[in-house]
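Okay, structure first, notes after.
The values are calculated or read from the model by the stated rules, or taken from the named source; none is laboratory data. Just so we're clear, the structure is a prediction, and the values are computed from it rather than from any experiment. Glycine gets a Cβ as well: all are built from the backbone with ideal geometry, and neighbour counts include every protein chain shown. Keep in mind that these areas ignore ligands, DNA and RNA; they rest on the heavy atoms of the full protein, side chains included. Shrake-Rupley method; radii C 1.70, N 1.55, O 1.52, S 1.80 Å.
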Amino acid sequence: ASPYDSGTDAVRRAEWRPKVDALICSSPAYEHSGPITKLAVSQDQAFFVSASHDGTCKVWETRQVEDSAGDLQSCLAYGGQNLCASQASRVRINDVSIIENSHSVASGGSDGSVHVWRVDTISNNPQPAAIHGSPMTSSPSPRVSGCTLLRKVEPNEGEILAVSHFNTPGASIVAFATQRGFIHSWDLRCAKEPFALSIKPELGHLTSMAVGNDRNWVVAGTNRGFLTLWDIRFKKMVKLWQHSSGAPMNRLGTSLATLSGDSEPKPYVVMGCGQNEVSVFDIMESSCRHCFRVLDPALSYLDQATLPQQCTSMPVLGEVAIRSEFKRRIHGINDAVKGMINENVYPPEPSIQSMTGRIGTTGRNYLITGGTDSNLIFWDFSSASKCYTISGSMNKPRPVYENVDANSHSGSLYLCRPRPNPPQRMQYGAVRPGNRHRDAILDIKKIETPMKGLLSCSRDGIIKFWR
């Protein structure tokens, strides 16, 4: 349910660090004709799935990262959500999630439907039984052979904006958020809905969702910077905050972790929200423990003391009172109208659109982020000097990473200062071709086999694998 490793399960992979500009392979432009919104990797690492606004989900075998000569090729395309759609009204696939402990996939589309379909696989070379006590060799990864639609649901509440799956001792639950502000659940083992949650319309429309590590709570973010915390056992909203920036919650993640100064593990929420930043919040104390922020290149050469206050201050989650009377508005109507006007008047700010990493109880903690600036950045929790740009700085001056004085706030704030490009007349000699993404990076996923690396996808329909 969480894109972040936690606890002892991730100790073995804690020492991995992506290399700089180490592109292994990428997909050709013809694979997807629209933005790739999400990636999902199967638990056995045999394949991953990409969801796109072109109306298809494509399946890719991970063995390609070693076998390919630089080109990623999909082996299967699922277009079941566009079977009855015309070319003018093609269904966009907004999110995709792997069903835990299986090769099945849940995908949510702009037509308001959720499809659960299975990726059929076969063994490429079945291994014979051991003879005369000789040990069996490791079996090769399975090959994708087809797909089968298992179930679908259509709540008729507008687009499906987010999809997630998690298992409990008694249920296999697909949770999905709709355009009308509902978070529904779908138990795949029986025909019932374990819970249904509703977001007030004045809080904005849902943009992201994440399930807690213990599967007892869920957080949801809106386009107006509101964060809601729900106890799904009692189907009740227990906390409501608004981010100090009021910016959309582009991405959410959860982790049970022990950060510096903690005596025991605590629940943390990681959010991509604000001025091109990602933050780690302790939801028990509503405090920001870490913030990683990318500055505007125009501010790169200013001394830290002369930077605008919004660049050197920590983000804040302001708690909003939840009205006891159901019919009363949680938030003022005037603020809601003002938010709608601002969305249409002001251009979108640079933002973090995707993230992955490791936030756990042992080992080294880090985050990897991608956003509208099309850069991949590695953020190390222990020191700003250990942060670096994975992709995006080739043929450019290297960004500078620095720590903001901790005397002014309780958490740690790291800044990335991109350097402006030098004038064309100052660039001499041959220039190495760039391998970075050319558009906003919309999702990032780690894979372990056949080699450790990083998958990234972008708004121009390209998937890249980095070593």
Region 240-290: number of residues that are farther than 18 Å from ILE359 by Cα, open to solvent by less than 30 Å² (accessible area, probe 1.4 Å) and touching a Lys or Arg at 6+ places or on another chain (Cβ under 7 Å): 1
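I'd like to check something: does region 189-211 contain any residue that is part of a strand (DSSP E or B) and touching an Asp or Glu at 6+ places or on another chain (Cβ under 7 Å)?
For region 189-211, residues part of a strand (DSSP E or B) and touching an Asp or Glu at 6+ places or on another chain (Cβ under 7 Å): absent.
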Qualifying residue in region 223-239 (condition: touching a helix residue (DSSP H, G or I) at 6+ places or on another chain (Cβ under 6 Å), open to solvent by less than 60 Å² (accessible area, probe 1.4 Å) and at pLDDT 95 or above): yes
Condition check for ALA69: farther than 28 Å from THR372 by Cβ and open to solvent by less than 10 Å² (accessible area, probe 1.4 Å): no
Of the criteria (1) at positive phi; (2) in a strand (DSSP E or B), which one SER255 fails: (1)
Residue count for region 284-303, restricted to those that are free of Cβ contacts under 8 Å to residues at least 60 places away in the same chain and either of a type in the set (Phe, Trp, Tyr) or under 25 Å from TRP241 (Cβ atoms) (or both): 4
Residue match in region 183-203 (condition: open to solvent by 50 Å² or more (accessible area, probe 1.4 Å) and on the phi > 0 side of the Ramachandran plot): no
VAL119, sole failed condition from (1) modelled with pLDDT of 95 or more; (2) open to solvent by 10 Å² or more (accessible area, probe 1.4 Å): (2)
Residues being modelled with pLDDT of 80 or more, buried (at least 16 other Cβ atoms within 10 Å of the Cβ) and not in a strand (DSSP E or B) - total across region 391-417: 4
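Can you pull out the strands (runs of 3 or more DSSP E) entirely within region 312-371 that have at least 2 residues that are open to solvent by less than 10 Å² (accessible area, probe 1.4 Å) and modelled with pLDDT of 95 or more? First the steps, then the outcome.
Values: elements: 317-319, 352-358, 366-371.
Strands (runs of 3 or more DSSP E) meeting the threshold: 352-358, 366-371.
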